[in-house]
1. Being touching a residue at least 24 places away in the same chain (Cβ under 8 Å) and among the hydroxyl-bearing types (S, T, Y) is the filter; apply it to the range 194-241 and report the residue that is farthest from L108 (Cα to Cα).
2. Every residue in the range 212-260 that is open to solvent by 80 Å² or more (accessible area, probe 1.4 Å) and either over 30 Å from G20 (Cβ atoms) or of a type in the set (D, E) (or both), please.
3. Considering (1) on the phi < 0 side of the Ramachandran plot; (2) surrounded by fewer than 19 Cβ atoms within 10 Å (Cβ to Cβ), say which one K93 fails and leave the rest.
4. Exactly one of these conditions fails for S56: (1) small (G, A, S); (2) at pLDDT 95 or above; (3) within 30 Å of D189 (Cα to Cα). Give me its number.
5. Run down P30, P47 and say which single residue is surrounded by fewer than 17 Cβ atoms within 10 Å (Cβ to Cβ) and of a type outside the set (A, V, I, L, M, F, W, C).
6. Among the numbered criteria (1) open to solvent by 80 Å² or more (accessible area, probe 1.4 Å); (2) in contact (Cβ under 8 Å) with a residue 40 or more places away in the chain, which single criterion is violated by F183?
Amino acid sequence: MEFITIINQIGFLAILAFCGILASRLKILPEFSKDAIEKLVFYITLPLLLVTKISSLEITPAIIQNSGLVIGFTYLILVIQIIIGNLSAKLLKLPKGQSVIHSMHTFLGNIVFLGFPLLDALFPGGEAILYAALYQLVMNTVMWTYGIYKLNPAQNEKGFGNLKKLLNPNTIALVIGLLMMIFKLRLPDIIYNPLAGLGKTTLYLAMLYIGILLAKTKIIYMFKKTDVLVLSLNKLLIIPIILIVLIKLALNIFAIDMHEIAFSVIILEASMPCMTILVLLAKRFGADDGKAMENFVVSTILSILSLPVVIFMMQHINF
């Protein structure tokens, strides 16, 4: 990865988000439009992006090996993030409603609306999207079990019932794409080209969505919150750097060959700002949804600065 390419791409995404902010402030995109955009991305453009990108890959032993490594390391990453999030919440002595949001946002990142578009732009061949989809699948298994338990311990017996939420358009698209890749099934160009083109709009729609969310918040006020800044520092810089060191050490010690794309995906997905859906989940389960929104807004803005740093560290920390 050329470092200047990374800077340009993040700047590109920031400009798109600013367009969303401007369109929202000028009432071109009204408040209700964000719900329509979210559904469009989640149910149509992102599944099409997954299917068309993954199905166009040639399955190789290296892809199979790297997929297994991505799944294994993702679980390790989530455990590390959960431990640090819980420890940070205790040190900050946050009240219960804020503490659970703090700890959950430490491991729940905006891997779909920001991570997928960024990775697809940096590694357009499709392999990065496969690994990103596997990362999302693993994170969802943790979010809909451990995450729901943390939000509402009284319903812990229903935690595994929430796994049915894994059956969503994106995991279905992942399975379809994998089957097409394994059996070397290809769509005819007359079908593939329009579907792939529609899938590529995910980048623009996702950033407009983020821009609309940012436009509705009082940003300056949020940057005065110590716990929000600590969370962003942990999530965007400290944990990613720890992960870079630990994973590179593990790969060297055990002589494991992991492709640069797979390694970049798990580190960058772990470096994403806070997840938007936790705002809705917090409101539903009685946690502090206001704190969840603060975490999302501040971490998203700061990620414009932190992501180039993380990528620089990925390229220069070696053993």
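1. Filtering the range 194-241 for residues that are touching a residue at least 24 places away in the same chain (Cβ under 8 Å) and among the hydroxyl-bearing types (S, T, Y), the one farthest from L108 (Cα to Cα) comes out as T201.
2. Correct list: L246, N252, I253, F254, A255, D257, H259, E260.
3. Result: K93 passes all but (1).
4. (2)
5. After applying the criteria, what remains is P30.
6. Failing condition for F183: (2).
This table checks each residue for (1) under 28 Å from I64 (Cβ atoms); (2) over 17 Å from the mean Cα position of the chain (by Cα); (3) in a helix (DSSP H, G or I).
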| site | (1), (2), (3) |
| --- | --- |
| G97 | no, yes, yes |
| S103 | no, no, yes |
| V112 | yes, no, yes |
| P117 | yes, no, yes |
| I129 | yes, no, yes |
| A133 | yes, no, yes |
| M139 | yes, no, yes |
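Table: residues versus (1) touching a residue at least 24 places away in the same chain (Cβ under 8 Å); (2) within 26 Å of V175 (Cβ to Cβ); (3) part of a helix (DSSP H, G or I).
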{"position": "K27", "(1), (2), (3)": "no, no, no"}
{"position": "K34", "(1), (2), (3)": "yes, no, yes"}
{"position": "K39", "(1), (2), (3)": "no, yes, yes"}
{"position": "I44", "(1), (2), (3)": "yes, yes, yes"}
{"position": "L48", "(1), (2), (3)": "yes, yes, yes"}
{"position": "K53", "(1), (2), (3)": "yes, yes, yes"}
{"position": "I64", "(1), (2), (3)": "no, yes, yes"}
{"position": "Y75", "(1), (2), (3)": "yes, yes, yes"}
{"position": "L78", "(1), (2), (3)": "yes, yes, yes"}
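The values are calculated or read from the model by the stated rules, or taken from the named source; none is laboratory data. Computed from a predicted model, the values in this text were never measured in an experiment. Methodologically, a virtual Cβ is constructed for each residue, glycine included, from the backbone with ideal geometry; neighbour enumeration extends over all protein chains shown. The protein model used for the area step is the full one, side chains on, heavy atoms only, and it has no ligands, DNA or RNA in it. Shrake-Rupley method; radii C 1.70, N 1.55, O 1.52, S 1.80 Å.
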